[in-house]
Amino acid sequence: MTNPVKEIFSGEAPTPAGPGLREVPPPAALAAKVRTLSPSMTRSMQRVAEAVADDPAGCAALTVTGLAELTGTSEATVVRTARLLGYPGYRDLRLALAGLAAHQESGRAPALTTDIAVDDPIGDVVAKLAYDEQQTLADTAAGLDTVQLGAAVAAASTARRIDIYGVGASSLVGMDLAQKLLRIGLIAHAHSDPHLAVTNAVQLRSGDVAVAITHSGSTGDVIEPLRVAFDRGATTIAITGRPDGPVSQYADHILTTSTARESELRPAAMSSRTSQLLVVDCLFIGVAQRTYESAAPALAASYEALAHRHSPRTR
């Protein structure tokens, strides 16, 4: 009989890069990086980022001087933009652009629009939302820094206690992470009340972990308890769509989510949840792999404890 616990935890954890190393984003991550970081760029850097995202083939053929002239900026601005997007220099960005252009020319069907109209048939709504969810997941996976993820996993795996902060839609994601961690035997609590979050953060110390979930990166009710936890010596993790937002000031490790396009019927609070849940799952599985010897029996025990609730009652 198949062991459900073994199925969940089969496979080995990826080996993170050495200390201080950052992985160069793959070509597929470029568009996601532009969407995520563009709001925080200067206008001149936005022109460079938009140019390379809109015409990767054309920009790949340009020198740094040529791209600066095309966008009406300077060579220094082009290089700064490349570095902000995760590439050591312009040469690396050009290689990524060439790879992205080749991918786009491979014959893949054009993307389905995700603009949902009030009078759209329900079948079209399903198709558009499904595509949007898939794109959000792909963008998040492509842009997620696995070095930062590995460090967050290592901290959570040995934590005495894990506190999670989130409000609104992010609080639902926080509760999902907490219940996952509890089922593998870790002490984890999700806090959506800002007052309770702060009073709990005061009790944290070195060896504990605090996780803040905020799409905007500027939610005060989430940043405040994270700051308190940071000041108390806990290891702090931010899951955010704005890695340059105020929350980053108090985060030891930043896990970036995709910034999905908003619409009147689907604001950021809804569209961001998909990417946050993916990051939460990656974090949880990484922790479960590292703590497998204790996690597997704990998960098996939780299955057994709840089994009778999923079986028909005999009269």
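Looking at (1) out of contact with any Gly (no Cβ under 9 Å at 6 or more places or on another chain); (2) open to solvent by 10 Å² or more (accessible area, probe 1.4 Å); (3) modelled with pLDDT under 95; (4) not charged (D, E, K, R), which one does Ser216 not meet, given that it meets all the others?
For Ser216, the failing item is (1).
Cβ contacts < 7 Å: first residue surrounded by fewer than 16 Cβ atoms within 10 Å (Cβ to Cβ), restricted to the range 76-100; second residue assigned to a helix (DSSP H, G or I), any location; separation 6+ or different chain. Result?
Gly89/Val79; Gly89/Ala82
Search the range 216-236 for residues that are more than 12 Å from Ala201 (Cα to Cα) and pair each with any residue that is among the aliphatic types (A, V, I, L, M) and surrounded by 23 or more Cβ atoms within 10 Å (Cβ to Cβ) when their beta-carbon atoms are under 8 Å apart and the residues are at least 6 apart or on different chains.
Pairs found: Gly217/Ala238; Gly217/Val247; Ser218/Val247; Thr219/Val247; Asp221/Ala197.
Do we find that Ser248 is open to solvent by less than 60 Å² (accessible area, probe 1.4 Å), at pLDDT 90 or above and farther than 17 Å from Ala142 by Cα in this structure?
Numbers: open to solvent by less than 60 Å² (accessible area, probe 1.4 Å): yes; at pLDDT 90 or above: yes; farther than 17 Å from Ala142 by Cα: yes.
Yes; evaluated as a whole, the condition is true for this residue.
Residues in the range 161-202 that are in a loop (DSSP other than H, G, I, E, B), in contact with a Gly (Cβ under 8 Å, 6 or more places away or on another chain) and crowded, with 22+ Cβ neighbours inside 10 Å: how many? If you could, list the steps in order and put the result at the bottom.
So in the range 161-202, the residues in a loop (DSSP other than H, G, I, E, B) come out as 161, 166-168, 184-187, 192-193, 202.
Okay, now just the ones that are also in contact with a Gly (Cβ under 8 Å, 6 or more places away or on another chain), so 166, 192.
Pick out the ones that are also crowded, with 22+ Cβ neighbours inside 10 Å and you get 166.
Total meeting the criteria: 1.
Residue check, Asp139 against (1) open to solvent by less than 30 Å² (accessible area, probe 1.4 Å); (2) farther than 12 Å from Ala229 by Cβ; (3) modelled with pLDDT of 95 or more, all met but one. Which one?
Only one criterion is unmet by Asp139, namely (3).
I'd like to verify a number: residues in the range 150-160 that are under 15 Å from the mean Cα position of the chain (by Cα) and surrounded by fewer than 20 Cβ atoms within 10 Å (Cβ to Cβ), how many? Don't jump to the end; show me each part of the working.
Narrowing the range 150-160 to residues under 15 Å from the mean Cα position of the chain (by Cα): 150-153.
This time we only want the ones that are surrounded by fewer than 20 Cβ atoms within 10 Å (Cβ to Cβ), so: 150-151.
Total meeting the criteria: 2.
Could you give me the residue pairs with C-beta distances under 8 Å whose first residue belongs to the range 274-300 and is touching a residue at least 60 places away in the same chain (Cβ under 8 Å) and under 21 Å from Val209 (Cα atoms), whose second residue is assigned to a helix (DSSP H, G or I) and of a type in the set (Asp, Glu) wherever it lies, and which are 6+ apart or on separate chains?
Taking only residues 6 or more apart or on different chains, the pairs are Leu277/Asp176; Val280/Asp176.
So which residues in the range 198-222 are touching a Phe, Trp or Tyr at 6+ places or on another chain (Cβ under 9 Å), of a type in the set (A, V, I, L, M, F, W, C) and within 20 Å of Leu283 (Cα to Cα), if there are any at all?
Ala210, Val211, Ala212, Ile213, Val222
Can you give me the number of residues within the range 51-68 that are closer than 14 Å to Leu100 by Cα and of a type outside the set (Gly, Ala, Ser)? Give the steps one after another, and end with the answer.
Filtering the range 51-68 down to residues closer than 14 Å to Leu100 by Cα leaves 51-61.
Applying the additional criterion that residues be of a type outside the set (Gly, Ala, Ser) yields 52, 54-56, 59.
Total meeting the criteria: 5.
Inspect all residues belonging to the range 34-44 and state whether any of them is open to solvent by 60 Å² or more (accessible area, probe 1.4 Å), in contact with a helix residue (DSSP H, G or I) (Cβ under 6 Å, 6 or more places away or on another chain), at pLDDT below 90 and under 27 Å from Gln148 (Cβ atoms). Outline the logic, then answer.
Going residue by residue through the range 34-44, those that are open to solvent by 60 Å² or more (accessible area, probe 1.4 Å) are 35, 39, 42-43.
Checking which are in contact with a helix residue (DSSP H, G or I) (Cβ under 6 Å, 6 or more places away or on another chain) leaves us with none.
No, every residue in the range 34-44 fails to be open to solvent by 60 Å² or more (accessible area, probe 1.4 Å), in contact with a helix residue (DSSP H, G or I) (Cβ under 6 Å, 6 or more places away or on another chain), at pLDDT below 90 and under 27 Å from Gln148 (Cβ atoms).
Quick one: is Ala268 surrounded by fewer than 24 Cβ atoms within 10 Å (Cβ to Cβ), modelled with pLDDT under 90, closer than 16 Å to Thr140 by Cβ and among the hydrophobic types (A, V, I, L, M, F, W, C)? Outline the logic, then answer.
Details: surrounded by fewer than 24 Cβ atoms within 10 Å (Cβ to Cβ): yes; modelled with pLDDT under 90: yes; closer than 16 Å to Thr140 by Cβ: yes; among the hydrophobic types (A, V, I, L, M, F, W, C): yes.
Judged against the criteria, Ala268 is a match.
Counting only residues that are of a type in the set (Gly, Ala, Ser), farther than 30 Å from Thr291 by Cα and assigned to a helix (DSSP H, G or I), how many does the range 113-160 have?
3
If you check every pair at least six apart or on different chains, which have Cβ atoms under 8 Å apart with a residue in the range 46-60 that is without any contact (Cβ under 8 Å) to a residue 40 or more places away in the chain first and a residue that is outside any helix (DSSP H, G or I) and among the polar types (S, T, N, Q) second?
Close Cβ pairs satisfying both conditions: Arg47/Thr73; Val48/Thr73.
Of all residues in the range 65-75, which are surrounded by fewer than 19 Cβ atoms within 10 Å (Cβ to Cβ) and either of a type in the set (A, V, I, L, M) or more than 14 Å from Ser44 (Cβ to Cβ) (or both)? Don't jump to the end; show me each part of the working.
So the first thing to find is which residues in the range 65-75 are surrounded by fewer than 19 Cβ atoms within 10 Å (Cβ to Cβ), and the list is 65-66, 69-70, 72, 74-75.
Correct list: Thr65, Gly66, Leu70.
Would you check if Ala229 is modelled with pLDDT under 95, open to solvent by less than 20 Å² (accessible area, probe 1.4 Å), over 12 Å from the mean Cα position of the chain (by Cα) and among the small types (Gly, Ala, Ser)? It would help to see each step written out before you state the result.
On the way: modelled with pLDDT under 95: no; open to solvent by less than 20 Å² (accessible area, probe 1.4 Å): yes; over 12 Å from the mean Cα position of the chain (by Cα): yes; among the small types (Gly, Ala, Ser): yes.
Criteria not met by Ala229.
Taking Ala260, is it at pLDDT 95 or above and out of contact with any Asp or Glu (no Cβ under 6 Å at 6 or more places or on another chain)?
Working: at pLDDT 95 or above: no; out of contact with any Asp or Glu (no Cβ under 6 Å at 6 or more places or on another chain): yes.
Spelling it out, it is not the case that Ala260 is at pLDDT 95 or above and out of contact with any Asp or Glu (no Cβ under 6 Å at 6 or more places or on another chain).
The values are calculated or read from the model by the stated rules, or taken from the named source; none is laboratory data. Fair warning: this is a prediction, and the values are worked out from it, not measured in the lab. Cβ: placed from backbone, ideal geometry, glycine included. Neighbour counts: every protein chain shown. With ligands, DNA and RNA removed, areas are computed over all heavy atoms of the protein, side chains included. Shrake-Rupley method; radii C 1.70, N 1.55, O 1.52, S 1.80 Å.
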